[in-house]
Structure formats: C-alpha cells, structure tokens
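The values are calculated or read from the model by the stated rules, or taken from the named source; none is laboratory data. Bear in mind that the values here come from a model prediction, so they are computed numbers and not experimental data. Counting neighbours? That spans all protein chains shown, and the Cβs are built from the backbone with ideal geometry, glycine included. What goes into the accessible areas is simple: the full protein's heavy atoms, side chains included, and nothing from ligands, DNA or RNA. Shrake-Rupley method; radii C 1.70, N 1.55, O 1.52, S 1.80 Å.
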Amino acid sequence: MQAGRDNSKTTGRPKRSETEARYWTRGSPKQTEISLGGVRVKVRTDATPSNLKLVRDLVEGRFDEFADRLERGMTAHQLMVLVAFNLAEDLIREREKLRFLKKRVVENGERLLSRVEARLSRELASKPASQKTKQTR
C-alpha cells in the first residue's frame, strides 16, 4: 500500500498519512511469503525486509506468549485469532494514548500562545502613544 493512496475499499485499511509514511520505510511492491506457527501465507507488500522482520518478530513474540495453549487443546487457527485480537487491543490502546498526547500538545500550545499574546498586549499597552505609531508604520 502506498502512502496517500486510499485503499480502504479494496483492503479495508485506511490510507496512510504523510506522517505515517515517513516513519514506515517503503520498498517497491513485491510478493513474499511469511510463515508463523507452521502456517505459510503469500502476501504482496511494499514493506522493506527490515520492516517485515520487525512485524514478524512482534507477531512471533506474541504467538510464543500464547503457544502453551496449543498443548491445552487450542488449534493453531484459534491461537492466530487470539494473537490478532491481542495485537488489535494493543493497537487501539496505543491509538488512544496518541490521541490523548496530541490533545495535550494542542492544549499546551494554545495555553502558551495565549500567554505570549497577553504579554505582548501588556507590553504594547504600556508603551507611550508615540512609540505605538512608530511600530505600526
């Protein structure tokens, strides 16, 4: 999926923002095979090999956390669904944290801007009228 292109109708995923694209290095689209828990899947991706490794390591780590459930009768398919659900929960939690942090940055920025504007207004108000007209020219 390329940055800025809306693939939501074909992939179910929203288009990537420019910021998101900057932090996720892209290669040229290619087909590759991924394997996890004995399941092999061919996918078409533009992620670089290093980014694919990051994703694979993350998923494999989560898979390993729950692997003991296979011994207790859970199927590999059920385990994959559990891992996907768990990763989705983490993603939603991180999005909420990001939303909260963005809100705080905006609030702090607005508060700072108000303080600067108030200070400038006080300074401008305290200057004699002759200096005020010189500044506006």
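To put it simply, the accessible area of segment 35-137 at a 1.4 Å probe is 58 percent carbon and sulfur. The residues of segment 39-137 expose, per residue, 83 Å² of accessible area to a 1.4 Å probe.
Applying 1/(1 + (r/R0)^6) with r as the Cβ-Cβ distance of residue 68 and residue 104 and R0 = 35 angstrom yields a FRET efficiency of 0.30.
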